[in-house]
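The values are calculated or read from the model by the stated rules, or taken from the named source; none is laboratory data. Everything numeric here is computed off the predicted structure, so don't read it as measured data. All Cβ positions, glycine included, derive from the backbone under ideal geometry; neighbour counts span all protein chains shown. Note: areas computed on protein heavy atoms with side chains; ligands, DNA, RNA excluded. Shrake-Rupley method; radii C 1.70, N 1.55, O 1.52, S 1.80 Å.
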Amino acid sequence: MMIISNIDSSSTDSSIDSIIRRVLAEDLSILPDGISEICGEDIFVNRVRTQAQSVADSMAEMHQEYVDIHLTLSGTETIGFCVESEDSTAIATLPFKNDCELKSKVANEQFITLEQGQYCVFYPYQWHRPMVSRAGYGDEIDKVVIKVRASKL
């Protein structure tokens, strides 16, 4: 399952809404780039200000323990994703260094574009490719990735 919504609407998951509201209560304008704890290692935020990369120069990622909530603060971000689940046998062989596995190509990748205030949610074992531009480099992105330990939802 993947959720796509905006901060003015409720998602189908009230626990996700609650976490987003909690993060939005912080003064995100002064949040430094990098990791900031919200609730220890169970909920934290990675603030990212960067330029989008081409799809060819980026990597798809998958997480084992954490849900990723990609929230665009300003700019436009395109994110690739795969709706098919990874084979459980293949997943069992992945090392998941720092809760992340990377891959240059995923099968049947599709793309969505997020504008300011929009977010998407990726659950563990879902391939996604953040911070890309299908037109190439250049799009400025200011975003937060809210990381939530899946077992806490």
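Results, tabulated for the structure shown:
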| read-out | value |
| --- | --- |
| Single condition ILE3 does not satisfy, out of (1) modelled with pLDDT of 90 or more; (2) surrounded by 16 or more Cβ atoms within 10 Å (Cβ to Cβ) | (1) |
| Residue count, the stretch 7-38 (criterion: in contact (Cβ under 8 Å) with a residue 12 or more places away in the chain and of a type outside the set (A, V, I, L, M)) | 9 |
| Enumeration of residues in the stretch 61-82 that are closer than 19 Å to TYR123 by Cβ, part of a strand (DSSP E or B) and in contact with a helix residue (DSSP H, G or I) (Cβ under 9 Å, 6 or more places away or on another chain) | MET62, HIS63, TYR66, VAL67, ILE69, LEU71, GLY80 |
| Subset of the stretch 6-60 (residues that are farther than 14 Å from PRO130 by Cβ, of a type in the set (A, V, I, L, M, F, W, C), open to solvent by 40 Å² or more (accessible area, probe 1.4 Å) and not in a helix (DSSP H, G or I)) | ILE7, ALA25, ILE35, CYS39 |
| Enumeration of residues in the stretch 99-130 that are within 11 Å of the chain's Cα centre (by Cα), hydroxyl-bearing (Ser, Thr, Tyr) and farther than 20 Å from ILE16 by Cα | none |
| Residue in the stretch 65-72 that is over 11 Å from ILE146 (Cβ atoms), touching a residue at least 12 places away in the same chain (Cβ under 8 Å) and surrounded by 13 or more Cβ atoms within 10 Å (Cβ to Cβ) present | yes |
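One line per residue, one yes/no per condition, for (1) of a type in the set (Ser, Thr, Tyr); (2) at pLDDT 95 or above:
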{"residue": "ASP17", "(1), (2)": "no, no"}
{"residue": "THR50", "(1), (2)": "yes, no"}
{"residue": "SER54", "(1), (2)": "yes, no"}
{"residue": "GLN64", "(1), (2)": "no, no"}
{"residue": "ILE69", "(1), (2)": "no, yes"}
{"residue": "GLU77", "(1), (2)": "no, no"}
{"residue": "THR89", "(1), (2)": "yes, no"}
{"residue": "SER104", "(1), (2)": "yes, no"}
